[in-house]
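**Q** My questions all concern the structure below.
Taken together, the values in this text are just the output of simple stated rules run on the coordinates, not laboratory data. Just so we're clear, the structure is a prediction, and the values are computed from it rather than from any experiment. Backbone-built Cβ (ideal geometry, glycine too); neighbour counts: all protein chains shown.
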């Protein structure tokens, strides 16, 4: 049901393709429809498209509680099931969770279809932290100038791929599933003047970063090989610089709680900082102030997170980045630096919508699940990370 099939293509055809066998169907009892004959539980009913009710908030696969909204009502006319049925479901939350593997299967299954209409595509990856509609990493065989930008436009106009908020295009030599390699390539190749493409389009209903629902800014980042007439640099690493002044400046700033520099031997080092945000635009202001002591210009990119986020937990930092950033509002460059504000937004920051809470299991549920791990032979169970963020460089 989550598969991004073209209009008119039945999901049961995809099910048969995956199973390599047809799907046996049975007639429903109260509606003129057919359903898989081996279904564990079937809810029969109807939807009146003119009738809506308020739904939410509830925990969703983004790791946040979805915002309330008007949605169609399903009227149940019958419930049928097998003898001793098994109720199948997935647990959602901060990635990675069970639904991540459903998204990964979709990614792999639909790659050949994307390559059919976009033959320059070599491979693509939808990172878990991007919850499958916030980030696409795509490698291409580049044959002419601006080809990556052409592909971005094509992807933003293709089915559910049109919901993607961020697209990163890399050369065919890059393994899109090797995130460390991708990160190094990005930090070596990005040019703040020429690599970034910011546009606007439709967004997933679960995207909470945009000021308006269902539409907002998108960003494309083109770090494919340089073209003959542009000034983008080749992949070069710099090692003859000191990060000490930058780190010292952050330590002396009473609103910067912690800092991490994931990669140092790259052309454009990234510093991730967690800040004590108290007022509108603090993310912008403190990110700018963080570089005041960095006269050597050692750090080129600064990303600000809320104080409860550990900047050394890179997966969580990326999850915050993909979910909390509106590219037109929260990404800007000046003075040869790129700034990213991935903090929660306030109404005074041009964000009139409610900001959702993170999905969190209560202690009783965590205890209940942990008690089942020994019986399942999976290990010690859920572990809460109580490690406090601190200042560190993340040297490789």
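**Q** Taking the convex hull of the Cα atoms, report for the chain its projected area averaged over all directions, in nm².
**A** Taking the Cα atoms of the chain, their convex hull projects to 23.2 nm² on average.
**Q** Give me the percent of DSSP beta bridges within the chain that run antiparallel, rounded to the nearest 5.
**A** Expressed as a percentage, antiparallel bridges in the chain total about 60.
**Q** Pairs of Cα atoms under 8 Å, at least six residues apart: use those to get the relative contact order of the chain, whole percent.
**A** With pairs under 8 Å counted, the relative contact order is 13 percent.
**Q** Pick out which of 328, 267, 66 has the largest mean-square fluctuation in a Gaussian network model of the chain, springs linking Cα atoms closer than 10 Å.
**A** In the Gaussian network model the winner is 328.
**Q** What whole-number value in cubic angstrom gives the convex hull volume per residue for the C-alpha atoms of the stretch 57-113?
**A** About 178 Å³ per residue, rounded to a whole number.
**Q** Please say if the stretch 11-81 is rounded, prolate or oblate, where rounded means a/c under 1.5 for a ≥ b ≥ c the square roots of the C-alpha gyration tensor eigenvalues, and otherwise the choice is prolate for a/b larger than b/c and oblate otherwise?
**A** Since a/c reaches 1.5 but b/c is at least a/b, the shape of the stretch 11-81 is classed as oblate.
**Q** Compute the angle between helix 99-117 and the longest alpha-carbon principal axis of the chain, please, reported from 0 to 90 degrees and rounded to the nearest 10.
**A** 80
**Q** Also, quick follow-up: Among 248, 307, which comes first, second and so on when ranked by fewest other beta-carbon atoms within 10 Å?
**A** Fewest-to-most ranking of 248, 307: 248, 307.
**Q** For the stretch 237-396, what proportion of DSSP beta bridges, expressed in % and rounded to the nearest 5, is antiparallel?
**A** Once the DSSP bridges in the stretch 237-396 are tallied, antiparallel ones form about 40 percent.
**Q** Next question, about the same structure. Express the relative contact order of the stretch 256-387 as a whole percentage, based on alpha carbon pairs under 8 Å and six or more residues apart in sequence.
**A** Reported as a whole number, the value is 20 percent.
**Q** Extent of the stretch 237-396 along each principal axis, from alpha carbon coordinates, in Å, largest to smallest?
**A** Extents along the principal axes, in whole Å: 57, 41, 26.
**Q** Further question: For a quick check, take a GNM of the chain with Cα springs below 10 Å and name the residue from 261, 49, 302 with the largest mean-square fluctuation.
**A** Residue with maximal mean-square fluctuation among 261, 49, 302: 49.
**Q** If you don't mind, there's one more thing I want to ask. Expressed in nm to one decimal, what extension gain is obtained for the pair residue 83 and residue 150 from 0.36 nm per residue of sequence separation less their Cα-Cα distance?
**A** Stretched out fully, the residue 83 to residue 150 stretch lengthens by 18.8 nm.
**Q** Let me ask something else. Ranked by Cβ crowding within 10 angstrom, fewest neighbours first, how are 224, 89, 77 ordered?
**A** Sorted ascending by nearby Cβ count, the order is 89, 77, 224.
**Q** What is the order of 347, 218, fewest Cβ neighbours within 10 Å to most?
**A** 347, 218
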